[in-house]
Every structure is written in structure tokens, then in C-alpha cells.
1. As a test of the formula, what do you get for the chain when each DSSP H run with n ≥ 4 contributes -39,500 (n - 2.57) and the sum is divided by the residue count, at 222 nm and rounded to the nearest 500 deg cm²/dmol?
2. Roughly speaking, what is the stretch gain from residue 85 to residue 320, that is 0.36 nm per residue apart minus the C-alpha to C-alpha distance, in nm to one decimal?
3. What distance in nm separates the two pseudo spin-label positions at residue 293 and residue 167, each 7 Å out from Cα along the beta-carbon direction?
4. How many angstrom separate the Cα center of region 22-90 from the Cα center of region 292-369?
5. Peptides 24-30, 94-100: what's the order by average Cβ count within 10 Å, highest mean first?
6. With only alpha-carbon pairs counted, each pair once and no self-pairs, how large is the Kirkwood hydrodynamic radius of region 171-222 in angstroms?
7. Hey, rough spin-label estimate for residue 222 and residue 107, points 7 angstrom out along Cα→Cβ, what's it come to in nanometres?
8. Could you tell me which of rounded, prolate or oblate describes region 1-70, using a ≥ b ≥ c as the square roots of the eigenvalues of the alpha-carbon gyration tensor, with rounded for a/c under 1.5 and, failing that, prolate when a/b is larger than b/c and oblate otherwise?
């Protein structure tokens with residue numbers, strides 16, 4: 001398993017020996033790090049067992065995966081959940097990214113007794129995101145936890161939103177790191193994808209969804225050159241405040257230092273403004289045969305038509321049973337409307353500030369300012 005020692009050292013320094021120090025946050029950090037290394041050790045042991053018990057997984061081919069990306073809060077989760085109903089695809093559940101081992105997959109699939117435990121954990125840990133982003137261990141989820149175990153992910157800002165960490169390439173711009181580091185990280189990632197395919201259906205097409213991968217997107221494309229990309233695009237004035245609300249929920253409890261401190265929100269907004277720009281630049285030069293870009297409004301207005309366009313673009317067969325399932329899911333969701341309203345003012349920001357962060361992106365996509 002790849003691991004960034006440098007990131008760990010910077011987190012410890014920012015938590016315990018800097019002006020950001022807070023006793024409650026330091027206590028949470030100590031508990032989290034203890035749990036982190038305990039679970040990580042279990043994973044390493046089980047992955048070693050995989051190489052003995054399921055050694056053939058190392059020969060697993062990854063062919064033309066589907067990759068959903070975009071800014072967080074841009075409809076990617078809804079699309080991911082809909083496509084996950086297609087039996088020709090396989091995608092990750094949250095517990096599979098927390099315990100990325102075939103041995104753990106088999107254990108959880110065969111043990112019904114764990115389901116009440118999963119439900120209990122869901123209610124206690126993910127309660128703060130109710131109505132914002134439905135999160136459950138046994139639900140379809142993006143695979144970013146794989147990079148949490150490597151400590152090379154912007155998700156770390158959920159617990160450590162400190163200014164000095166926002167400046168670190170290790171967390172936010174893997175593509176800017178040295179060739180050796182990027183290669184090691186991508187080898188680690190490929191190994192996970194092979195395990196997942198082997199465990200859930202070696203003849204299936206891999207469906208990946210990740211909204212925090214922009215800083216390593218070039219490395220991913222280099223590693224998976226036939227990857228087919230679905231890029232959802234939402235106006236920053238809607239996407240960014242919704243994103244900030246996701247981070248605000250854990251910050252209120254776990255990071256008391258962020259109270260009345262708008263700098264953390266500004267830094268996060270700036271990072272994701274830069275991610276908008278980076279995707280714009282990457283996809284502008286990307287093979288258009290492997291890319292479909294979809295406006296959030298079009299997807300929300302005509303989700304079934306949008307999915308048919310995706311399948312046509314990538315020559316995927318939409319079986320009638322899958323279409324029936326989609327129509328059923330969409331009918332169930334037809335009356336849903338989020339009652340959460342997010343204002344940039346709440347985070348010490350305004351539309352002018354967002355526009356100035358990414359004026360070129362507004363012009364490129366035709367976003368109204």
C-alpha cells in the first residue's frame with residue numbers, strides 16, 4: 001500500500017505545533033490517527049492474504065472503464081447511483097473502499113450479522129450529512145477513500161483545513177509530483193481496481209466515480225488510456241456553496257478552529273475553482289471519442305435521455321430490464337426536491353469573489369456571471 005509520510009508529518013505539525021492548535025481537535029486527531037493505522041494494518045494483512053488466496057486477481061484486465069467526474073455537487077452522485085443498476089457494470093460501495101481487499105469483500109458478503117452494525121455506524125458517523133450527501137457503508141460511493149489510505153487526497157481537508165496544507169502539492173496536485181511518486185500511486189490504484197473487478201465480476205465494465213480526482217487526472221488518464229469520461233458541469237454559483245456546506249458539517253464538530261474563520265472556506269473555494277480550470281484544460285485537449293460533457297441542468301431535466309446519450313456515445317447496450325429499472329428509480333425520485341439552500345454569504349464569500357477566481361472558466365463554459 002502506498003503511503004505519503006510527508007503528508008502525515010505535515011498534518012501532525014499543523015495539528016500539534018502550530019498556531020492552529022486546539023485541544024479538542026488535537027484529541028480527535030489522536031483518536032483518528034490511532035484508528036487509521038489500526039485499520040490500515042488490517043488491510044495490509046488481508047491484502048497479503050489476497051495474493052495467496054486469490055493470486056489470479058493480479059492478472060485481471062481493466063478494459064475501457066467508465067469514469068464519472070465533475071465538481072462535487074454537480075449531479076455525479078445521482079448519475080452514479082442510476083448507472084450502478086446496470087448489471088453489465090460494477091462499481092464500488094463505501095465499505096469496499098474502506099476495506100479494499102478481496103478477503104474483506106468475501107467476509108462482508110457472507111456475514112449477514114454485519115448489516116445491523118453497518119446501520120448503526122451509518123446513523124452515528126454520517127448523520128451530519130443527511131440531506132446533503134447520503135452516505136452509507138453498503139451504498140454505492142466514489143473510490144476516494146483509496147487515496148485517503150495513501151494520504152494523498154484533498155478529502156483530508158475535512159479534518160485538517162489549515163492554510164499551510166492547502167499549499168501542498170501532495171494533497172491537491174499529484175500530477176505535479178515526481179514521476180516515481182505518481183507511478184507508485186497509480187500502481188497502487190490499479191491494484192485496487194484489479195481486486196475490485198476480480199471480486200465483483202471480472203467480465204464486467206468498471207464504473208468509477210470521483211469528484212476529488214482532478215489533481216491526479218492526468219496520471220489517471222496515462223494509467224488508463226482507454227478510460228471513457230463522463231464530465232458533469234454545474235454553474236459554480238450553485239456547486240461551490242453546496243460543496244462548502246459538505247465541509248462545514250464536520251468542521252463544526254471536529255475542527256472548532258474554523259468557527260468564525262472564513263479563510264478555510266476561501267481556500268477550499270479557490271482550490272475547486274482551480275479544479276474547474278484544470279478539467280477545462282485537460283478535456284479541451286482530450287480525445288473527444290472518449291469524452292462526453294453534460295450540463296447539470298440538462299441531466300436533471302432529462303435524466304433518462306442523458307443516460308441514453310451516454311450509452312450511445314460509448315456504444316454501450318442498454319438492456320430493457322435496465323431501462324425499466326431506471327424508469328422505476330426516476331419515478332421514485334420525481335418528487336424529490338432538496339430543501340437545503342446554500343448561500344456564499346454564509347461562508348464569507350460572494351459571487352464576485354468566485355467569478356474573479358475563475359473568469360476564464362466562466363467565459364469558456366458560458367456561465368452567466
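1. -17000 deg cm²/dmol
2. Details: separation 235, 0.36 × 235 = 84.60 nm, distance 1.21 nm.
Extending this stretch completely gives an extra 83.4 nm.
3. For the pair residue 293/residue 167, the computed spacing is 3.3 nm.
4. Region 22-90 and region 292-369 have Cα centres spaced 24 Å from each other.
5. Working: 24-30: 15.1, 94-100: 21.0.
Per-residue mean Cβ counts within 10 Å order the peptides as 94-100, 24-30.
6. Details: mean 1/r = 0.0829 Å⁻¹.
For region 171-222, inverting the mean 1/r across all distinct Cα pairs yields 12.1 Å.
7. Using points 7 Å along Cα→Cβ, the separation is 3.5 nm.
8. Working: a/c = 3.35, a/b = 1.92, b/c = 1.75.
Cα axes put region 1-70 in the prolate bin.
No lab work stands behind these numbers, since they all come straight from the coordinates. Bear in mind the structure is a predicted one, so any value in this text is a computation, not a measurement. Reconstructed Cβ throughout: ideal geometry from the backbone, glycine too, with neighbour counts over all protein chains shown.
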